[in-house]
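Working notes, beginning with the structure itself.
Bear in mind that the values in this text are calculations on the coordinates, not laboratory data. Because the structure is a prediction, the values reported are computed rather than measured. As a convention, Cβ positions derive from the backbone with ideal geometry for all residues, glycine included, and neighbour counts pool all protein chains shown.
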Protein chains: 2
Amino acid sequence: MSITLGSTALPVFTTALTNLGHLLDKAQAHAEARKFSPDVFCAMRFAPDMLPFTAQIRIACDAAKNGSARLAGIEAPKFEDNETTFAELRERVSKTLAWLATLQPAQIDGREAAEITFPVGRDATRTLSGQAYLLHWAIPNIFFHVTTAYDLLRQAGVPLGKADYLAGPNAG
Amino acid sequence: MSITLGSTALPVFTTALTNLGHLLDKAQAHAEARKFSPDVFCAMRFAPDMLPFTAQIRIACDAAKNGSARLAGIEAPKFEDNETTFAELRERVSKTLAWLATLQPAQIDGREAAEITFPVGRDATRTLSGQAYLLHWAIPNIFFHVTTAYDLLRQAGVPLGKADYLAGPNAG
């Protein structure tokens with residue numbers, strides 16, 4: 001069986017977000033054990049002009065949701081960006097995963113050369129082929145935000161290891 | 001043109017490391033402008049039990065080098081892991097990129113089902129199909145280490161933006 005665009009995109013997005021959910025579950029368990037609210041994680045950031053933890057989770061979800069929708073040429077569900085608690089962020093990961101599970105690789109397969117136009121920053125757009133969009137935009141983007149969330153949690157003392165990021169609960 | 005295993009692996013690895021080199025170049029320019037040695041970046045880490053910046057760069061390079069060699073079923077060149085300066089780390093990125101440039105996608109294409117056995121931690125190995133190894137191990141791994149290097153540099157005050165990570169000097 002040969003690799004296809006859809007059998008690359010969907011499993012990569014799904015595994016990354018499944019593992020992100022696993023990181024959040026471990027962070028919540030850590031907070032409960034130490035008797036502080038996991039909501040204090042939400043505002044953590046590495047620099048004043050970097051986005052906080054909350055945005056890292058939102059954007060990781062949107063990279064998967066909007067990325068797969070654009071690759072499939074369909075409309076993505078719109079989320080409100082109104083999460084204020086850790087539990088709401090965890091729920092966003094779950095609902096993104098539930099939506100990803102409704103997609104089939106066949107909806108994306110063969111769209112390597114499709115023109116994908118997507119927003120870049122607030123006022124600009126960029127157009128890439130489906131293959132370049134997946135490999136050089138959507139995939140690096142989702143791992144950027146999942147890794148930044150991981151790094152923020154590690155710096156905050158949550159006991160995570162590389163296996164939690166790489167393989168999560170599905171590790172063989 | 002359909003996506004293939006080699007036309008996924010090599011451009012993803014090459015772009016990630018090209019952008020990593022670009023991040024290092026900006027970090028060096030920042031250090032020079034502020035009149036401190038970029039070598040002070042080398043020991044930065046987010047937690048006492050996380051690997052330092054030096055190791056993030058080494059492992060990002062090795063994820064690309066060893067990952068593509070395993071996918072191609074060939075021997076990777078061995079690097080010494082003896083970098084002690086920022087300039088030596090930058091050189092490691094360059095020599096990894098030079099080696100990646102000698103590979104052709106055709107050496108990897110069609111190896112979706114090839115059994116890839118690779119070290120996990122110090123004493124264990126794991127075996128995955130070529131496709132699973134690329135999508136669920138090598139790619140998440142390289143982006144983990146490039147992003148962690150980015151986050152460390154951002155926290156240290158280096159003026160980087162998402163475009164430096166996503167597109168680097170080749171941004172359209």
> Quick one: which of A:LYS26/A:LYS65; A:LYS26/A:LYS78; A:LYS78/B:LYS162; A:LYS162/B:LYS26 span more than 25 angstrom between C-alpha atoms?
Replying inline: A:LYS26/A:LYS78; A:LYS162/B:LYS26
> In whole Å, what are the Cα extents of segment A:13-170 along the three principal axes, biggest one first?
Replying inline: 51, 35, 27
>> Given a 10 angstrom Cα cut-off, can you work out which residue in B:ALA76, B:ALA27, B:ALA16 is the most mobile in a GNM of chain B?
In response: B:ALA76
>> Looking at chain A as a GNM with Cα springs under 10 Å, which of A:PHE79, A:PHE143, A:PHE41 has the largest mean-square fluctuation?
In response: A:PHE79
> Helix B:86-100 versus the longest principal axis of chain B: what angle, 0 to 90°, nearest 10, using Cα atoms?
Replying inline: 20 degrees
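What is the average number of partner chain Cβ atoms found within 10 Å of a Cβ in A:150-162?
Values: counts 6, 10, 2, 2, 6, 6, 2, 1, 1, 2, 2, 3, 9.
Average neighbour count from other chains, rounded to a whole number: 4.
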> Angle, helix B:53-72 long axis vs. longest principal axis of chain B, Cα atoms, 0 to 90°, nearest 10?
Replying inline: 20 degrees
> When Cβ neighbours within 10 Å are restricted to other protein chains, what is their mean count per residue of peptide B:136-142?
Replying inline: 5
> For peptide B:116-122, how many partner chain Cβ atoms fall within 10 Å of a residue's Cβ, on average?
Replying inline: 1
> Using alpha carbon centroids, what distance separates segment B:105-172 and segment B:1-65, in Å?
Replying inline: 11 Å
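So which GluC sites (Glu not before Pro) in segment B:25-130 are both in a DSSP loop and have at most 14 other Cβ atoms within 10 Å of their Cβ?
On the way: sites: B:GLU32, B:GLU75, B:GLU80, B:GLU83, B:GLU88, B:GLU91, B:GLU112, B:GLU115; in loops: B:GLU75, B:GLU80, B:GLU83, B:GLU112.
Those satisfying the criteria are B:GLU75, B:GLU80.
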> Once every DSSP H run of n ≥ 4 in chain A is given -39500 (n - 2.57) and the sum is divided by its residues, what mean residue ellipticity at 222 nm do you get, rounded to the nearest 500 deg cm²/dmol?
Replying inline: -17500 deg cm²/dmol
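Would you mind calculating the relative contact order of segment A:13-170 from Cα pairs under 8 angstrom and at least 6 residues apart, reporting the percent as a whole number?
Working: 173 pairs, mean separation 59.1, N = 158.
Computed value for segment A:13-170: 37 percent relative contact order.
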> How much net charge surrounds A:ARG70 when only the other residues with a Cβ under 12 Å from the Cβ of A:ARG70 are counted, with Lys and Arg +1 and Asp and Glu -1?
Replying inline: 0
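Report Rg(Cα)/(2.2 N^0.38 Å) for the protein assembly as shown, keeping two decimals.
On the way: Rg = 19.2 Å, N = 344, 2.2 N^0.38 = 20.2 Å.
Scaled against compact globular proteins, the figure is 0.95.
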>> Using a label point 7 Å beyond Cα on the Cα-Cβ vector, give me the inter-copy distances for A:ASP25 in nanometres, one decimal, shortest first.
In response: 4.3
> Using Cα atoms only, what is the angle between the long axis of helix B:139-155 and the major principal axis of chain B, expressed in degrees (0 to 90) to the nearest 10?
Replying inline: 0 degrees
